[in-house]
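The values are calculated or read from the model by the stated rules, or taken from the named source; none is laboratory data. Since we're looking at a predicted model, the values are computed, not measured. Note that each Cβ is placed from the backbone with ideal geometry, even for glycine, and that neighbours are counted across all protein chains shown.
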Amino acid sequence: MDQDTTLACMRGRSLDRQVLLGFASARTLHAGSFADVLDEASGRGYQRRLNSRHSLDFRRYVQQQGSATIPLTFNLRGADGEGWRLEGVGDHVTLRLAAGARPLAQVDCQHRLGHLADLDVELPFMTFIGLSEREEMEIFGIINGKAKGLSNSLLDFHDAQLCSDLASERPELLVALHLKNEPTSPWYNRLDLGGNQVSGLERRASLRTMQKACRSLTKRLKPRTAEEIARIAHDFWCAVALVMPEAFSKPRKSLVTKGIGVYALTDLAADFVLEASGARCDVPYFASIVADLAPRLDWGNDGPLAGLGGEGGARRAADILRQLRRRPMLKVANG
């Protein structure tokens, strides 16, 4: 925008929050707004990455006769005077957006607005005024918590940011995030959160997959603290990566780092801890067990674990691994 944009609005309330209601062209709203997409490298932002197919579908729809939509939802970031200004008193006011400024954070309209930058179709909008990023995230989660296609891992990430005591409220999430955030972990920055991905790293499992696997681990290893279980999980996966390095260097060829492998191996990790009989459950301990187990199974995409899915498949995969552990190793006699 080369000059200030003015939007006629009505001031009111949405429950406990002050909001503005108005109408504007898609072109104008796109130019004055932004989507705060989660940057997985820095942890800033909270939105999912743009689904262009979804957005292009909406673009086609809005140009059809008889189309309609609910109001697009924004938040005016910052204080009055920082890229935007409210003029007037009472219920009817003018929202002025400074030339070149994009103060409207897209709380619930990213995919509807994403590919409408060049259209002049009129759209209704509602904007909150001066919410913090944390408050935006809370409202986004409430609006989209059950939305089809919204990454469960992104919602888990939101929970982690909003929980006051993650260790007691969501211990399995604390363990999964430790695996993702600890630089010495083989899962460091390798769990998909649903935001903009860290460049150069091949994806394996999602944060939700790891979190669900760790839920069983935390239940079976009670009364250990979440922090102690996080250390155990870290050392276990370090041992797996040590024994099976190709699974992490070439994840597409191995089920070790896919959902079924993550579930089954994490379940066995609990077995190994409960069998320890006082031994320290560290990398050497786990590595010795995994080194005996790993060669007994074809971990490839066409091996015995291929095609298994869901909770039943995860239990079946863990049972396959347990049966393999019980079988004696074949020894080759010297001639």
Inset, instruction - Being basic (Lys, Arg) and within 18 Å of ARG322 (Cβ to Cβ) is the filter here, so list the residues in the stretch 278-302 that pass it. - result: ARG296
Inset, instruction - Can you tell me which residue among GLY22, GLY90 is modelled with pLDDT of 95 or more and either of a type in the set (Gly, Ala, Ser) or touching a Pro at 6+ places or on another chain (Cβ under 8 Å) (or both)? - result: GLY22
Inset, instruction - Test ARG59 against the criterion of being at pLDDT 90 or above and in the same structural domain as ARG11 (by TED's automatic domain parsing), and give yes or no. - result: yes
Legend entry - Sole exception among (1) modelled with pLDDT of 85 or more; (2) surrounded by fewer than 16 Cβ atoms within 10 Å (Cβ to Cβ); (3) under 20 Å from GLY43 (Cα atoms) for LEU201, by number: (1)
Inset, instruction - Within the stretch 7-46, work out how many residues are β-branched (Val, Ile, Thr) and either in the same structural domain as ASN181 (by TED's automatic domain parsing) or in a loop (DSSP other than H, G, I, E, B) (or both). - result: 0
Inset, instruction - Could you pull out the residue among VAL283, VAL240, VAL256, VAL262 that is over 26 Å from the mean Cα position of the chain (by Cα), within 22 Å of LEU191 (Cβ to Cβ) and not acidic (Asp, Glu)? - result: VAL283
